[in-house]
1. Quick check: is even one residue across segment 179-192 open to solvent by less than 20 Å² (accessible area, probe 1.4 Å), among the hydroxyl-bearing types (Ser, Thr, Tyr) and either within 14 Å of ligand 1 (Cβ to nearest atom) or more than 21 Å from Thr252 (Cβ to Cβ) (or both)?
2. Of all residues in segment 78-91, which are away from ligand 2 (no atom under 16 Å from the Cβ) and open to solvent by less than 30 Å² (accessible area, probe 1.4 Å)?
3. Filter segment 23-45 for residues that are under 16 Å from the mean Cα position of the chain (by Cα) and more than 9 Å from ligand 2 (Cβ to nearest atom) and give the result.
4. Between residues in segment 19-38 that are within 23 Å of Gly78 (Cβ to Cβ) and residues that are among the aromatic types (Phe, Trp, Tyr) and near ligand 1 (Cβ under 8 Å from one of its atoms), which pairs lie under 8 Å by C-beta distance while being six or more apart or on different chains?
5. Looking at Ile95, Ile63 in this structure, which one is part of a strand (DSSP E or B) and more than 16 Å from ligand 2 (Cβ to nearest atom)?
6. What is the one condition in (1) under 16 Å from the mean Cα position of the chain (by Cα); (2) over 29 Å from Ile168 (Cα atoms); (3) surrounded by fewer than 21 Cβ atoms within 10 Å (Cβ to Cβ) that Val75 does not satisfy?
7. Would you check which residues across segment 1-55 are surrounded by 18 or more Cβ atoms within 10 Å (Cβ to Cβ), acidic (Asp, Glu) and assigned to a loop (DSSP other than H, G, I, E, B) and list them?
8. Take the residues in segment 106-148 that are of a type in the set (Ser, Thr, Tyr) and within 20 Å of the chain's Cα centre (by Cα), then tell me which one is nearest to ligand 1 (Cβ to nearest atom).
Amino acid sequence: MEKLIDSYGRQIRYLRVSLTDRCNFRCIYCSPADKVFHFIEHEEILRFEEILEIAQAAAEMGITKIRLTGGEPLVRKGVIDFISQLSQVNGLEDISMTTNGYYLSEMAHSLRSAGLNRVNISLDSLDRRKFKRITGFDGLLKVLRGIETALQEGLIPVKINVVLLKGINDDEVENFIKLTIDKPLSVRFIEFMPTNHQLQETNEGRFISAKVILERIMDKYPDAHSVTAEKGCGPASYYQLPGGQGMFGFITAISQHFCSRCNRIRLTAEGNLRPCLLNDRELELKKRLREIPQSQTELRKDAIKSLLKEAVLSKPISHRLGSGEKDVTNFDMSQIGG
Ligand code: SAM
Ligand code: SF4
């Protein structure tokens, strides 16, 4: 098998696929309500059949994990049938999804039956008013129901993504880690990343480092101990409260990047391969694919493999966000998928 190994020896086994740039929420750090968005035209969104072709070729090159993201992946019509087909792709061992959780209470069962293995659910506040301030939507209770349903349906481990926003939700850290006492949840605090479309208020002074938050937690819970995370836990480092069923951790993309261990590439909703989230270089895979007739299946597969290889070889050794350099990236998280 021809493997996807980059110029720095990292083997790429993980593909993140953004299914759509559309979302039912308008999070202040991702797609704030006061910004005008130019959504990708319907015909420019990668079709499910195209994603399946890409997934098959990628699996033949050693990709074993696929994460579906967005925008909000659950707003894309036909997503359940698509997952059923994706789960039939030979070589894929793990299909997961990052979702805002709003539709999970009604969809979790079908998602599980279709072959989805697990979910990461974004939840930035446990306070109903603050949740609305951050997401633009009064959806906290429904998301909490979605989390319960995901646990019941066995979409595990259920991970909760909390983007840390100084002065907005950093006072809720303790409430979040308390969730891990009674429930087998992995709560991950994510450092806020500066991107293209954000409210002024998130760009200025909203960053708070994981280190500061961990120090606060350790002051309050000196018995919290670090744990070796289970398989599939990615770039987070984890801790557990004594007797806790779950754990909590940090994704420090800015203060302490984990680029040396990066094993992923991304496929945007528009069909571009993006070697690094925080670097704007992309390769136009959909454009290339649509130049080749449907009937030429082997030619299409060769084209996908060749662009996957090129994308992987052009993966930078690390990103430069947080380095003080200006304008190193300029992207929409909702198109790429975080
Ligand atoms: N809609 C889904 C959701 O919110 O989980 C999937 C897409 S969202 C772009 C993927 C992840 O990126 C979410 O956990 C979200 O909180 C995170 N994210 C979005 N913008 C971010 C930013 N500026 N900094 C850090 N994380 C961000
Ligand atoms: Fe939507 Fe997720 Fe972006 Fe929030 S973070 S606006 S839920 S895509």
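The values are calculated or read from the model by the stated rules, or taken from the named source; none is laboratory data. A quick note: this is a predicted structure, and the numbers were derived from the prediction, not measured. We place every Cβ from the backbone using ideal geometry, glycine too, and count neighbours over all the protein chains shown. For accessibility, only protein heavy atoms count, side chains too; no ligands or nucleic acids. Shrake-Rupley method; radii C 1.70, N 1.55, O 1.52, S 1.80 Å.
1. yes
2. Those that are away from ligand 2 (no atom under 16 Å from the Cβ) and open to solvent by less than 30 Å² (accessible area, probe 1.4 Å): Phe82, Ile83, Leu86, Val89.
3. none
4. Qualifying pairs under 8 Å: Ser31/Phe25.
5. On inspection, the qualifying residue turns out to be Ile95.
6. Exception for Val75: condition (2).
7. Across segment 1-55, the qualifying residues are Asp6, Asp21.
8. Within segment 106-148, the match that is nearest to ligand 1 (Cβ to nearest atom) is Ser122.
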